[in-house]
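The values are calculated or read from the model by the stated rules, or taken from the named source; none is laboratory data. Keep in mind that this is a model prediction, so the values were computed, not measured. Here the Cβ positions follow ideal geometry from the backbone for every residue, glycine too, while neighbour counts run over all protein chains shown. With ligands, DNA and RNA removed, areas are computed over all heavy atoms of the protein, side chains included. Shrake-Rupley method; radii C 1.70, N 1.55, O 1.52, S 1.80 Å.
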Amino acid sequence: MINHLLRGFGALSLAIVPLLAVTPAQAAQAPQGLRAAEVTTFADAIGQVRVDDEDRTGYTRSSFKHWNSGDLADGCNTRNEVLLAEAITAPVVGAGCKLTGGVWLSYYDGQQVTDPGTLDIDHMVPLAEAWDSGASAWTPARREGYANDQGAATSLVAVTARTNRQKSDQDPAEWLPPAPEAQCRYVGEWVATKLRWQLSADAIELEALKVFADGPCEDTVVSYQPAP
């Protein structure tokens, strides 16, 4: 339950982060045993992303084991852990972690959803994109950790299946959420995920991000915690 609350709070804070100023003292604070979060401007965050060509050679979705048993010993897999964490009205949890009731907000398109079966859990940086950007060199265990990452509220997000499938494995040069008000949050979370996992970006992707940093998203703040 604590993990669910922390994750939900993290998602909310990122939704409003362009409006907030974060002091160095606040940025340095972290729970004992965890690395402090890095907090920076969107433009500076983009500058920290390594530029490299993408290579999809050898990629298969099965290279990233998901959904595993999640972070909690509650009988729920990662998919359902995310649904529990992001519900704006909590569902009833039945036997085998069957979820009934509940309300979710798909921030990509602003749609309110009451049937969890119509939601997908999107990997903010898709698995294929992660493979292209450095995950091909990881161990299977690290790829599994990436595919089930509940250590950051931005890594996995519950959204309508329609928008997730429209996005597919595209980067922000190719696809953005259809809700204009969601786009600065989205590109900020994209960069945060790349930095969290030390993934690279290709030149076209980076140029697309810089357009947002120089324009509508210049006040967006990026906060991320390096993955274990």
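Which sequence of 133, 69 reflects their accessible areas, 1.4 Å probe, from the largest down? Could you put the intermediate results ahead of the total?
Working: 133 0, 69 85 Å².
These residues rank, largest area first, as 69, 133.
Leaving ligands, DNA and RNA out of it, rank 38, 205 by accessible area with a 1.4 Å probe, largest first. Before the final figure, lay out the partial values.
Details: 38 85, 205 0 Å².
Putting 38, 205 in descending order of accessible area: 38, 205.
Starting from a Cα-only point model with no solvent, please compute log10 I(q)/I(0) by Debye for region 132-178 at q = 0.30 1/Å.
Scattering profile of region 132-178, log10 relative to I(0): -1.10.
Mind listing the phi-derived Karplus ³J(HN,Hα) values for region 186-194, rounded to whole Hz, using 6.51, -1.76 and 1.60 with θ = phi - 60°, and x for any glycine or proline?
4, 5, x, 6, 4, 5, 4, 5, 4
Short version: ³J(HN,Hα) in whole Hz for each residue of region 214-227, in order, from phi by Karplus 6.51 cos²θ - 1.76 cosθ + 1.60 (θ = phi - 60°), x for Gly and Pro, what are they?
8, x, x, 10, 5, 8, 5, 9, 10, 10, 8, 10, x, 5
Can you tell me which lysines have their Cα less than 29 Å from the Cα of residue 65? Leave out same-chain residues fewer than eight positions away.
Of all the lysines, those that pass the test against residue 65 - Cα under 29 Å, at least 8 places apart if same chain - are 98, 167, 194.
For region 192-207 and region 72-114, what is the separation of their Cα centres, given in Å?
29 Å
Taking the alpha-carbon set of region 78-184, what are its Rg and Dmax in Å?
Rg then Dmax for region 78-184, in Å: 14.5, 42.
With every protein chain left in place and a probe of 1.4 Å, what is the accessible surface of residue 61, to the nearest 10 Å²?
Counting only protein heavy atoms, residue 61 exposes about 130 Å² to solvent.
Hey, got the dipole for region 33-169? About the Cα centre, +1 on K and R Cβ, -1 on D and E Cβ, debye to the nearest 20?
Details: 12 positive and 19 negative charges, 76 e Å.
Magnitude of the dipole: close to 360 debye.
How large is ³J(HN,Hα), in whole Hz, for each residue of region 197-205 in order, when computed from phi with the Karplus curve 6.51 cos²θ - 1.76 cosθ + 1.60 and θ = phi - 60°, using x for Gly and Pro?
9, 6, 8, 8, 9, 7, 5, 5, 4
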